[in-house]
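Structure first, then comments.
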Amino acid sequence: MALRATHRDAGQATVVDLSGKITLGEGSALLRKTVRGLLDDKRTHIVLNLADVDYIDSSGIGELVSAYTTAKGRGGELKLLHLTKKVHDLLQLTKLYTVFDVYTEESAALSSFQ
Amino acid sequence: MGTDPKHLEITLETQVESVNLAEEMCLRVAEAAGFGEDDCYKIGMSVREGVINAFHYGNQERPEKKIHLTVDLTGDKMIIHVLDEGTGFTLADVPNPLAEENLLSTSGRGIFLMRAFMDEFDVVPGRTGGAEIVMAKKLPLQDNTGTNGQSSHGATPPQGA
């Protein structure tokens, strides 16, 4: 399933609801475009809701890292929310679970910005 | 498993769509061979990463070059070859993505994932002059434990890249 991304404001932060696969090609490109667009609009506190993302390949992992470092580089922060088991296991395997701020509750992710 | 030996070959274009095509083809073979859901995921991901490697690093995304995918089912394992038409590379030269200085790299995890997800993995010089990835997964044992081919093979992170 192709990746879909919608975003909603939540106070000072923006939650991006993603569904589908983050893989080489359109999926990775859409994630990049979405995050860069938010940063360009000065929405620098970003939560990526991955509840409906059940597949990520190495390109998708690279895009998550890129989103994280780009947000940081612009003075912002990017957090991950609701990892599926496959994505959780993949981030653990690649040691990125300790790099990202990961949350299981949206309220906790949002309050972490304050 | 008692699976009859099978041999499949496909020549893929150097384009993004080939990644999905290769993954889907190998998934069908893996499912038919009796691999469980977890192993199918690992095989599919490994094929995807192998073809991405050939597409991007081997063939440099040049459309005149081809990607050669071969799948063999023997009596005890599924063997996958991914051959590109690039200049080849040495495994020892691939940076370790788990090293502190590489953790925030936006690329370089494909080889690592293939090594982690498959039981056997190697890169050899191919007949085209490019790199040939050779990887294999042991066929699930046919038993009555109800595990449906779920195995822990390849779940351990490899040493190095």
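The values are calculated or read from the model by the stated rules, or taken from the named source; none is laboratory data. What you see is a predicted model, and the numbers here were worked out from it, not measured in a lab. FYI the Cβ positions are ideal-geometry reconstructions off the backbone, even for glycines, and counts take in every protein chain you see. Side chains are part of the model used for accessible areas, which takes the heavy atoms of the whole protein and leaves out ligands, DNA and RNA. Shrake-Rupley method; radii C 1.70, N 1.55, O 1.52, S 1.80 Å.
Details
- Each of A:Ile61, B:Ile111, B:Thr90 was scored by the projection of its Cα onto the charge dipole of the protein assembly as shown, and the greatest displacement toward the positive side belongs to A:Ile61; charges sit on the C-beta of Lys, Arg, Asp and Glu.
- Mean projected area (nm²) of the alpha-carbon convex hull when region A:19-76 is viewed from all directions: 3.5 nm²
- For the peptides B:43-53, B:76-86, B:27-37, B:98-108, the ranking by packing is B:43-53, B:76-86, B:27-37, B:98-108, with the highest mean count of neighbouring Cβ atoms within 10 Å listed first.
- Between B:Ala92 and B:Gln60, full extension at 0.36 nm per residue minus the direct alpha carbon distance yields a gain of 9.5 nm.
- Charges were assigned to the Cβ only: +1 to each Lys and Arg, -1 to each Asp and Glu. The resulting dipole of chain B about its Cα centre is roughly 100 debye.
- Accessible carbon and sulfur surface of the protein assembly as shown relative to its total accessible area, %, 1.4 Å: 48 percent
- Among the GluC sites (Glu not before Pro) in region A:15-112, those located in a DSSP loop and surrounded by at most 11 other Cβ atoms within 10 Å of their own Cβ are A:Glu105.
- Accessible area, probe 1.4 Å, largest first, for residues A:Arg36, B:Arg62: B:Arg62, A:Arg36
- Cα-only Debye scattering, chain B: base-10 log of I(q)/I(0) at q = 0.13, 0.19 Å⁻¹: -0.59, -1.18
- Heavy atoms of the protein chains alone define the surface here; on that basis region B:65-143 has 44 Å² accessible area per residue at 1.4 Å probe size.
- Net dipole in debye of the protein assembly as shown [+1 Lys, Arg Cβ; -1 Asp, Glu Cβ; about Cα centre; nearest 20]: 620 debye
- Counting only protein heavy atoms and a 1.4 Å probe, chain A has 46 square angstrom of accessible area per residue.
- Largest accessible area first, the residues B:Arg109, A:Arg4, A:Arg43 order themselves as A:Arg4, A:Arg43, B:Arg109 under a 1.4 Å probe with ligands, DNA and RNA left out.
- Long-range lysine pairs (8 or more apart or interchain), chain B, Cα under 16 Å: 8
- Mean partner shielding of peptide A:94-101, defined as the number of other chain Cβ atoms within 10 Å of each residue Cβ, is 3.
- Efficiency of FRET from Cβ geometry, B:Leu141 and A:Ala29, R₀ 45 Å, rounded to 0.05: 0.60
- Average projection, convex hull of the Cα set of the protein assembly as shown: 15.1 square nanometres.
- When accessible surface is computed with a 1.4 Å probe, chains A and B are found to bury approximately 1800 Å² between them, both chains counted.
- Calculated on the alpha-carbon coordinates, the convex hull of region B:77-123 measures out at 96 cubic angstrom per residue.
- Cα principal axis extents for chain A, largest first, Å: 30, 25, 23
- Extension gain, A:Asp40 back to A:Gln92 (0.36 nm per residue minus Cα-Cα distance, nm): 15.7 nm
- Considering only the protein assembly as shown, percent of DSSP beta bridges that pair antiparallel, nearest 5: 70 percent
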